[in-house]
Amino acid sequence: MTFIRILSGRTRFAYALLLPALALLGLVVAYPLYSGVLLSFEKADFFGSSLAQRGWTLDNFVRVLGSADFLPSLIRSFAYVLIVTAGALTIGLLTALLLNESFRGRPLARMLIALPWAIPLVVATNIWWWLLDPSYGLVNSTLTSLGVSQQPTQWLNDQIPAFIAVCIVTIWKAYPFFTIMLLAGLQGIPKDLYDAASVDGAGTYRRLRHITLPALRAVVPIAVLLNALWVFREFTVIWVLTGGGPVNATETLAIATYRAAFQDFHFTLAAALGVVTLAISLVGSVVAVRFATRDFY
Amino acid sequence: MTSISPSTRPRPRSVQPRRLLLYISVAVLCAILVFPIYWMLNTSLAPREQLYVFPPALLHPNPVLDSYRTVLADRPIAHWIFNSMLLVGATTLVALLTAISAAYSLSRFRARGATTIGYLILATRLLPTTLLVIPLFILMRSLGLIDNLLSLVLADSTVVIPFAIWMLKGYFDSIPRELEEAALVDGTGHLGALFRITVPLAAPGIVATMLYSAILTWDEYLFARTFLNQANNFTISLGLASFRGEYVTYWNDVMAASLIGTVPMIVLFVLLERFMVSGITGGAVK
């Protein structure tokens, strides 16, 4: 009897501890998600509370998926995720390998290398906006004095340079996450392994190839997935730097959704686009997790 | 080790160039990666006429603080910083209190449905913020919270709380529960055990979580842009983005304002960086 009372008391306590977080998340995540999904099936386009006519329809999805802008936005989103992840992973791996060596001043180096992580996104965007200024920016003046280019690159006004610019800023903000995750993975490798390999005559390259990289396999997939999900949703960098332009050149799905909602005020269309985006990241994550687990276990 | 095995004896001769190479690579990499931050500082100290000199000076010979005076006088930066600090304080407090108790519950009690709840909380990372912001905007309008910082405390919780719960759960998992059980045997309740034993032991994790939650909230732009209209109500992110799209851009002013808006985060980062490594990996790497 007492055992059951204690048990149920424990369970009640467990739920009571969860309750505040769940209540708040219910209000600001679950309820908005529910009404957002409903909105995407809503017939009338409404702004605020003035609902013209209620009714359910698939029209919003038909219009969104049938629009000529949808596929290019989707491709841009994927390209953005791919380029940023590849760039940030490369810099992250390089910096983590260096920081894993022991040398004087390592704590300072680690702090400096991780510093961009603490720079606010809008500030990072402002700095690069200035660095990439076509007339007086440092990037163009360096390119000209090195003789790489004769004409100044119109970084934010030409379509491909604008896309590259957006990727550069995002990579600069994203790589410290990889540095720290990979460094943690590297520091989990027992030193004995390296000593044993050295005794067996393995050089730097073979130790890297057969000990270090395999050990990182536990960390890399989760870091890539978390980063990819972040980049797929990323809004601030693109919005502040280019607003999705020039001529939609940097309009990802996230930007397209926001434009539809708060520039065109097509809330139902925007909701449908958002639901499609959610479905893509859901499917993408499931596939990624499957792929990762099949590959590594 | 070295003295035992003869095969490693020739090493010391080859060590010196390797170390030199290591120091050079670290220095070059640090310089490149941190350069944009230096450039912000350098430009903010430039006199206005120096901005349009080509090529730009890598170090201004006579730095001036004019741009700081200009932006502090012309823009409500003090308001923006104050708003952001209020927002960070309130959001972090709400997030930590709810997340500590939720994470403790998920870590210690295998209550029915707890695993599902845990994964649902993790799955919020899949939600596009650009989707959530639409119904949240409608919600905030109907609650009359437009142009009110409370709307951002609520909205930022969508990101911060799930994050905090998972980070803290990772921390609590790593603390042996025998310590709490000892306290329970001594007659302390579960709540007492949580606050007297677990929370103090998890202090580094809680500090790391605070750092994250502060940076996420200070950074937040999407909700702020959507829910705030009047310049005096802006957060620092929103204020710093407002330089974009103006007719004339004085880069030294933009960089001075940006630097002012960055300093609190750099201070926090430098003070708390040592907690960050365990924090970022605590929830993710096992």
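Values in this text are rule-based calculations from the coordinates and carry no lab data. Owing to the predicted nature of the structure, the values given are computational and were not obtained by experimental measurement. As a convention, Cβ positions derive from the backbone with ideal geometry for all residues, glycine included, and neighbour counts pool all protein chains shown.
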Over 19 Å apart: what share of the alpha carbon pairs of the stretch B:176-224 falls there, rounded to a whole percent?
46 percent
Restricting the calculation to Cα positions, tell me the Rg (one decimal) and the Dmax (whole number) of the stretch A:34-190 in Å.
22.4, 70
What does the average come to when, for each residue of peptide B:31-40, you count the partner chain Cβ atoms lying within 10 Å of its Cβ?
5
In a GNM of chain B with a 10 Å cut-off on Cα contacts, which of B:Ala114, B:Ala31, B:Ala95 has the highest mean-square fluctuation?
B:Ala31
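Can you give me the relative contact order of chain B as a percent, contacts being Cα pairs under 8 Å and 6 or more apart? Numbers along the way, then the final one.
Working: 265 pairs, mean separation 85.7, N = 286.
After rounding, I find 30 percent.
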Note on the stretch B:80-173: contact order normalised by length, alpha-carbon pairs under 8 Å, 6 or more apart, percent, works out to 57 percent
Using the Cβ atoms and a cut-off under 13 Å, what net charge is assigned to the surroundings of B:Leu87, where Lys and Arg are +1 and Asp and Glu are -1?
-3
To the nearest Å, what is the center-to-center distance of the stretch A:74-128 and the stretch A:165-210, using C-alpha atoms only?
14 Å
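Just to verify a number: FRET efficiency for A:Arg63 and B:Gln230, C-beta to C-beta distance, R0 = 56 Å, to 0.05?
0.95
Evaluate 2.2 N^0.38 Å with N set to the residue count of the stretch A:128-285, then give the Cα radius of gyration divided by it. Each step should come with its number before you reach the end.
Values: Rg = 21.6 Å, N = 158, 2.2 N^0.38 = 15.1 Å.
Ratio of Rg to 2.2 N^0.38 Å for the stretch A:128-285: 1.44.
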Taking a temperature of 37 °C and a viscosity of 0.692 mPa s, what whole-number D in µm²/s does Stokes-Einstein yield for the protein assembly as shown with Rh from Kirkwood over alpha carbon pairs?
126 µm²/s
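For the stretch A:217-268, what class follows from the C-alpha gyration tensor (a ≥ b ≥ c being the square roots of its eigenvalues): rounded when a/c is under 1.5, otherwise prolate if a/b is larger than b/c, else oblate? Spell out each step's value before the answer.
Values: a/c = 3.73, a/b = 2.18, b/c = 1.71.
It comes out prolate by the Cα gyration axes.
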What aspartates and glutamates does A:Lys173 reach when the alpha-carbon gap must be under 18 Å and sequence neighbours fewer than 8 apart in one chain are set aside?
A:Glu234, B:Asp219, B:Glu220, B:Glu273
Taking one equal scatterer on every alpha-carbon of the stretch B:132-255, how large is log10 of I(q)/I(0) by Debye at q = 0.14, 0.17, 0.22 1/Å?
-0.77, -0.91, -1.15
Summing +1 per Lys or Arg and -1 per Asp or Glu among the other residues with Cβ less than 13 Å from B:Ala164's Cβ gives +1
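Quick one, what does Rg over Rh come out to for chain B if you take C-alpha atoms and the Kirkwood Rh? Walk me through the numbers on the way to the answer.
Working: Rg = 24.7 Å, Rh = 22.7 Å.
Radius of gyration relative to Kirkwood radius: 1.09.
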Expressed in angstrom and rounded, the centroid-to-centroid distance over alpha carbons for the stretch B:161-233 and the stretch B:105-137 is 16 Å
Expressed as a whole percent, how much of the Cα-Cα distance distribution for chain A exceeds 30 Å?
51 percent
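Report the net charge of residues surrounding B:Phe243, where surrounding means a beta-carbon distance below 12 angstrom and charges are Lys +1, Arg +1, Asp -1, Glu -1.
Numbers: positive: B:Arg75, B:Arg244; negative: B:Asp74, B:Glu246, B:Asp253.
That works out to -1.
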Would you mind computing, in nm to one decimal, how far apart the modelled labels at B:Ala123 and A:Gln159 are, each placed 7 Å from Cα along Cα→Cβ?
3.8 nm
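Per residue, how much space in cubic angstrom lies within the convex hull of the C-alpha atoms of the stretch A:129-215?
Values: hull volume 12.5 nm³, N = 87.
Here the figure is 144 Å³ per residue.
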